[in-house]
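Single-structure report; data block below.
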Amino acid sequence: MVEPTLALFTGLIAGGAAFLAGWLVNCSTRRIPKAELATAPEPPITLLLRDGVVIDSSSQADRLFGHTTVAPLGWAEIVATLQPLFGPLPDAPPQSPGHYTAVQDTQTRLTLTPEGDSLRLEIAAPPLPSGEALRLRLNEPEAMRLHRVVGRAPLAIWMTDSAHAVTWSNTFFDDLRAQAGAAPGSAPFSLPPDPAQPRRVTRTRLGGEGDGPAAWYEVQSCRVSDGWLHYAQNIDAVIAAETTQRNFMQTLTRIFAHLPIALAVFDRERRLVLFNPALLDLTRLPADFLTGRPNLLSFFDMLRDRQVLPEPRDYRSWRDKLGEVIAAASSDHYVETWSLPSGATYRMTGRPHPDGGIAFLFEDISAEVSLTRHFRQELETSQSVVDSLDEAIAVFSRTGKLAFCNAPYREMWGADPEESVADHCIGEATQHWRAAFRPSPIWGDLREFVTLERDRAPWDAELHDHDGRPLCCHAAPLPGGATMVRFSRLPLRQPEPLAQV
């Protein structure tokens with residue numbers, strides 16, 4: 001009875017040993033799946049704070065926050081670093097436990113645990129696969145470069161979320177916020193509500209109104225996936241230039257308002273950008289038409305309709321001529337006189353304007369033209385009267401140049417100052433006269449009399465040509481230092497009868 005039981009027990013031990021040996025062999029030869037080769041979770045990133053300041057931290061925490069022993073790490077710096085990962089965090093160290101999950105990674109968790117007068121902060125994150133870890137190491141130098149470039153950029157750069165809270169900013173922005181006294185998490189710039197368009201440009205200012213001179217900035221905002229990205233650049237020089245230009249334009253406008261000459265300035269697109277009230281008076285164009293910034297062709301079409309342009313033979317020839325006028329005014333100074341159907345006379349001046357524009361000036365010269373015509377008529381009448389005289393008359397200026405002569409003088413001496421380019425002076429004239437007469441001592445005296453500047457009295461002298469015919473040369477002073485010289489024929493003297501003895 002004992003032997004069969006012992007044999008059974010021995011068989012069970014042998015079978016169990018064989019099964020164990022087979023299992024061990026199977027485990028030693030079985031291939032382990034890739035999931036079982038994952039690296040064991042690393043210890044969490046740990047910080048210990050007291051009174052809002054870090055008093056102890058793990059090595060990975062120092063690497064995450066860039067913490068050194070030189071400057072203490074406070075709660076504000078921790079919140080600024082972690083808010084992009086975990087969203088809004090308390091403004092002060094909490095007094096109760098808190099748990100936060102990363103916005104884009106549910107396996108990364110932040111735990112805040114108060115411990116008496118201290119606060120423990122732990123961040124648990126899954127380990128990175130080796131490929132992602134190597135990629136991060138490769139991108140780290142470029143990321144550091146970009147961080148230095150953006151951090152030292154000479155303009156403010158920051159990001160805001162949908163609630164307009166600042167989620168990231170560079171050094172320039174932080175300095176501006178400190179100067180403006182803005183609270184952390186807010187921007188020193190007052191920006192309008194978000195428009196529908198994904199991009200906008202806003203001009204805003206800092207300071208002013210008793211806080212010193214205002215600083216103007218141009219803020220360019222563009223929508224990104226998690227909020228808005230803003231760039232602010234100082235434009236004080238632009239604002240100063242625009243203010244100077246605006247003041248200059250206002251000064252010009254006040255000057256042009258009292259200018260009797262009508263002014264119309266067209267830009268490079270040939271649209272009216274500036275005009276003065278005189279343009280309304282001279283052209284009688286409606287004010288609403290001019291303020292509507294008409295183009296150049298519409299402007300001249302309206303002038304033609306109001307009969308402020310010379311009436312052409314046909315519309316086509318008028319348009320061709322207008323093109324020539326515009327081309328001439330665009331390249332050089334252009335002047336044209338318009339005789340209007342109403343009897344008025346306008347002078348139109350066109351000249352290039354800066355930046356490819358054209359400026360036209362319209363001046364009513366009707367009175368000037370009328371005066372000129374009347375003066376010309378008087379001159380022609382006076383010339384006709386003098387030409388009808390029998391005496392040869394010549395007028396010399398103070399410098400001795402021949403200024404005027406009548407028809408008998410031109411016929412006698414063959415000199416006409418209007419037909420000759422060369423100037424006729426008293427010296428040439430006396431030489432010509434002396435050759436036509438017998439010797440006489442008056443020629444030197446005559447030259448001196450014409451150029452003499454002191455008081456003068458009229459005088460005359462008798463001359464004889466080579467045929468013995470007598471002439472009278474009369475010299476008389478005129479106003480303005482001029483001198484009139486007249487030659488008149490004298491009657492021949494009859495010989496006296498011989499006395500009878």
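Arranged from fewest to most other beta-carbon atoms within 10 Å of their beta carbon, H374, H424 become H374, H424. Between R319 and L259, the modelled label-to-label distance comes to 3.2 nm, taking each label 7 Å out from Cα in the direction of the beta carbon. Zone of R152 (label point 7 Å along Cα→Cβ, backbone N under 16 Å): which residues in region 158-198? Residues 170-173 qualify, since their backbone N sits under 16 Å from the label point. Rounded, prolate or oblate: pick one for region 260-369, where a ≥ b ≥ c are the square roots of the eigenvalues of its C-alpha gyration tensor, a/c under 1.5 means rounded, and failing that, prolate if a/b is larger than b/c, else oblate. Cα axes put region 260-369 in the rounded bin.
Using a Förster radius of 35 Å, what is the FRET efficiency between D175 and Q250 based on their Cβ-Cβ separation? Nearest 0.05, please. E between D175 and Q250, to the nearest 0.05, is 0.45.
Here the convex hull built on the C-alpha positions of region 131-234 has a volume of 119 cubic angstrom per residue.
How big is region 389-489 by the Kirkwood estimate over distinct Cα pairs, in Å?
13.7
For region 322-389, the Cα gyration tensor yields ellipsoid semi-axes of 36, 13, 9 Å (square root of five times each eigenvalue, largest first, whole Å).
FYI, it's all coordinate maths here, none of it is from the lab. Everything quoted here is computed from the prediction, not taken from an experiment. Virtual Cβ from ideal backbone geometry, glycine too; neighbours counted across all protein chains shown.
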